[in-house]
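Only the coordinates and a few stated rules stand behind these numbers; no lab work does. This is a predicted model, so every value here is computed, not measured. No Cβ is skipped: glycine too gets one built from the backbone with ideal geometry, and neighbour counts run over all protein chains shown.
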Amino acid sequence: MNLPRDRERDLERLLDDDGGELGALYRRLPRAEPPRRLDRSVLGEAARAVQGRTPRRHHWVVGLGSAAGIVLAAGIAWNVGQNALLQPKGAYHTAPTVVPVEPITESSLRKRDHDNTSQSAAAAPAPASVPVSPAKPAVAHKTAPKPAAPPPPAAVAPEPPPAPAMVPAPLATPFPTEAENRAESAAPAQTGGALIPSDKAIESKQSSASDALDQAMTSHARSSAPPAPSGSVELRRDMQLSPDNWLAHIEQLLHQGRRQQATESLRLFRRAHPDLPVSSELRALEN
Amino acid sequence: MLAYAAGDLLAFEMLYRRHRGLLYRFLLRSLRHRADADELFQETWSRLIAARERYRPDAKFTTWLLQIAHNLVIDRFRRQRPQASAEETETVLRNLDAPESEQPERALSEFEQRRRLQLALEELPEEQRVAFLLRIEGGLGLEEIGEITGAGRETVKSRLRYALARIRTRFET
């Protein structure tokens, strides 16, 4: 190998990209490499340095994640709350008169009757407008001393439409006002006109006949087998008849072979009308 | 390096595999002792790892790596022995400036050429050797060598000229 003697030219060749002839010779020298133990040592140190940093980043990520979770949960809760507030609000718009608890006063009942009437006329959903109140059966019981008198169909409000049903449907029937209750007590024929006889005499005796019926039922229960429920209903119905019709009905029962029913009815008739005479056929039945 | 500074260990492994040989040969030929080269090799990477967050991409990674290694090499030189004197350098240059007719022309085998180059590198003064190695092993330019060694461009050129003259002398003897 003949190296050029010109030092400037030597330097220019050395500064070439390939380093000139000297560069080529240098690249042919044994290329020493670091031993493996140094590789392991350096890479291990680099890994430890990164791992030493990782926990700090990990804590930061955990903190950020926790904060994000809290914000998300709060957002969901707020959204659910908003929906819950908005939905009943719409329901109130459709039935704004729902007031579940309200003292039952005469004015409020009148107002409710008025509302029901107008809602029935407009075919609006009525059920929600009637509050739930356990007072209804008590009032009905108090104002309907005649047990056999069903409520007048005309007084029942139209069937409520199926729907939102925040309040049960059976409460659609409006409450009778106190004034109506008083009027009903004073003139019972107006409310139960179809079934209650207009005969004042018979009407006045009904209470005592009812007592007699109770006694007869009690004695019958003591003396014989318990009567069928239908028998007591028929006896109560017999009491509604006029004396002549009652006697005719007893004879009809006897002719139909229903001797037991005829005997019970005759016994009741005797208690209700002890002064009225009966036929020999029926007298024989008493024996 | 930025990726590693952000915690990407794989990025460091790629950098290491790319530069491990270059750094090791630079250290080995600068220090001429394997034990010293091993020690400073590990120390260089340790300092780089510790300073990973101070790395700025305006500097070439190779330059930054060799800068750290060079500082360690200079510290080691200062603890071991003094630099070659100016008189020694002038003697070498006088011999190199002799007429070409007085220089023996020999054709050497490739093996002999590599051996003589190794010997010439070992005999170079430290500053010249480092400058030569930064150029020939690290592929750095005059400005980069000056930046690493803290010398001016002309000083770097001078050191390279002296290194080349010494090497040529080795080949001609």
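Legend: mean number of C-beta atoms from other chains within 10 angstrom of residue C-beta atoms, peptide B:161-171, equals 4. A simple spin-label model places pseudo-atoms 7 Å from Cα toward Cβ; at B:MET14 and A:ALA74 they are separated by 4.2 nm.
Counting Lys +1, Arg +1, Asp -1, Glu -1, what net charge surrounds B:LEU134 among other residues with beta carbon under 14 Å of its beta carbon?
+2
A Förster radius of 35 Å combined with the Cβ-Cβ distance from B:ARG79 to A:ARG31 puts the calculated FRET efficiency at roughly 0.80. Going from the fewest other Cβ atoms within 10 Å to the most, the residues A:SER265, A:SER66 appear in the order A:SER66, A:SER265. Treat the count of other C-beta atoms within 10 Å as a stand-in for reagent exposure and order B:HIS19, B:HIS33, A:HIS255, B:HIS70 from fewest to most. Final ranking by Cβ density, sparse to dense: A:HIS255, B:HIS33, B:HIS19, B:HIS70. The mean count of C-beta atoms from other chains within 10 Å of the C-beta of residues in A:66-75, rounded to a whole number, is 0.
Fewest neighbouring Cβ atoms within 10 Å first, the residues A:VAL42, B:VAL130 line up as A:VAL42, B:VAL130. Shielding value for B:125-135 is 1, the average number of Cβ atoms from other chains within 10 Å of each residue's Cβ. Considering only Cα atoms, the convex hull volume of region A:230-287 works out to 73 Å³ per residue.
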